[in-house]
Amino acid sequence: MIWCVDDDSTIREIEVYALEQMGLQARGFADGVTMLEALKKEKPALIVLDVMMPEMDGIEVLKKLRAEPIYKDIPVIMATAKGTEMDKIGGLNSGADDYLVKPFGVMEMVARVKAVLRRTTKDVSSFDLTVGLVVLKEKEHIVIADGEKVELTHKEFDMLRLFMQNPNIVFSRDKLMNEIWGTDYMGESRTVDMHIKTLRQKLGNAGGQIKTVIGVGYRLESGI
């Protein structure tokens, strides 16, 4: 779960929406006080924290997090309209793991979130992924499509995970061959087509999320 803390509701909602579209679970908070209270019941995988907020600014919230042993290892990305080097150094010295300068693009934010998770988490792939009607539980090696558990082969599972980690991104057949079977695999690209066909069938209604891009390859859409 990724938490987005920003007193601007528009920015907060865009951040949450962008993360969810990329298959990550996200939750928004309007201020640091509310977020700190929520920590008593749940611990997020990462926090995107705005600096300029009323009551308690982001730097103060970050210092409180780093002062508590149970919370000090939660990765934090600071977001602020201030862009000078001194501002960045101040935020990082307070314990931030990365820094975003407003205005920033949502894809940049998602990329930073994934990068920080890779650096700070032993196995970022262990997080549950949810895209549209499909849920993939990495640790349990379980896939749930439209509420029903689905039995997949190892390669089908790997392919679905790749799609779900990169929703709405088109993968060519060659790219899928390299990513799933490895560069040394000597099989034909039809192998990919056959796996896509069976994967769609097994996913049932959710299989409609896997779209063919004629002349290019395949993508998993976030909705059907």
Checklist outcome for this item: Farthest towards the positive end of the dipole of segment 1-76, among I11, A67, M56 and with Cβ unit charges of +1 on Lys and Arg and -1 on Asp and Glu, lies the Cα of A67
Checklist outcome for this item: The answer for A79, listing residues at least 5 apart or on another chain whose modeled amide H is closer than 5 Å to its amide H, is L49, D50, V51, L100
Item to check | Calculated FRET efficiency for the pair A67/K211, C-beta based, R₀ 35 Å, to 0.05 | outcome: 0.15
Checklist outcome for this item: For the pair K155 and M194, the simple spin-label estimate (label points 7 Å beyond Cα toward Cβ) gives in nm 0.7 nm
Item to check | Those aspartates and glutamates that a straight Cα-Cα span of less than 14 Å connects to K43, excepting residues fewer than 8 apart in one chain | outcome: E68, D73
Checklist entry - What angle do you read, to the nearest 10 degrees and between 0 and 90, between the alpha-carbon axis of helix 190-203 and the longest principal axis of the chain? => result 70 degrees
Next on the checklist: Per residue of segment 33-48, what does 6.51 cos²θ - 1.76 cosθ + 1.60 with θ = phi - 60° give for ³J(HN,Hα)? Whole Hz please, x for Gly and Pro, Karplus curve as stated.
Outcome noted: 5, 4, 5, 4, 5, 5, 4, 5, 10, 8, 10, x, 7, 6, 10, 9
Item to check | Proximal lysines relative to K41, as straight alpha-carbon distance under 25 Å, when same-chain residues fewer than 8 apart are discounted | outcome: K63, K64, K72, K114, K122, K137, K139
Next on the checklist: Could you tell me the ratio Rg/Rh of segment 1-77? Both radii from Cα atoms, Rh via Kirkwood.
Outcome noted: 0.94
Checklist outcome for this item: Simple spin-label estimate for K43/T120, 7 Å along Cα→Cβ, in nm, reads 1.3 nm
Next on the checklist: Can you work out the Karplus-derived ³J(HN,Hα) for every residue in segment 159-175? Use 6.51 cos²θ - 1.76 cosθ + 1.60 with θ = phi - 60°, whole Hz, and x for glycine or proline.
Outcome noted: 5, 4, 4, 4, 4, 6, 6, 9, x, 6, 9, 7, 10, 6, 4, 5, 5
Item to check | Calculated [θ] (222 nm, deg cm²/dmol) that DSSP helices of n ≥ 4 give over the chain, each run adding -39,500 (n - 2.57) | outcome: -11000 deg cm²/dmol
Checklist entry - Which label marks the calculated value of Rg and Dmax of the Cα atoms in Å, given the options (1) 16.5, 49; (2) 19.7, 61; (3) 18.2, 58? => result (2)
Checklist entry - What aspartates and glutamates sit close enough to K149 to cross-link, taking a C-alpha to C-alpha distance under 15 Å and skipping anything fewer than 8 places away on the same chain? => result D128, E138, E140
Checklist outcome for this item: Those trypsin sites (Lys or Arg not before Pro) from segment 101-179 that are DSSP loop and have at most 12 other Cβ neighbours within 10 Å turn out to be K122, K139
Checklist entry - Roughly speaking, what is the stretch gain from E179 to K102, that is 0.36 nm per residue apart minus the C-alpha to C-alpha distance, in nm to one decimal? => result 24.3 nm
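No lab work stands behind these numbers, since they all come straight from the coordinates. Since we're looking at a predicted model, the values are computed, not measured. Counting neighbours? That spans all protein chains shown, and the Cβs are built from the backbone with ideal geometry, glycine included.
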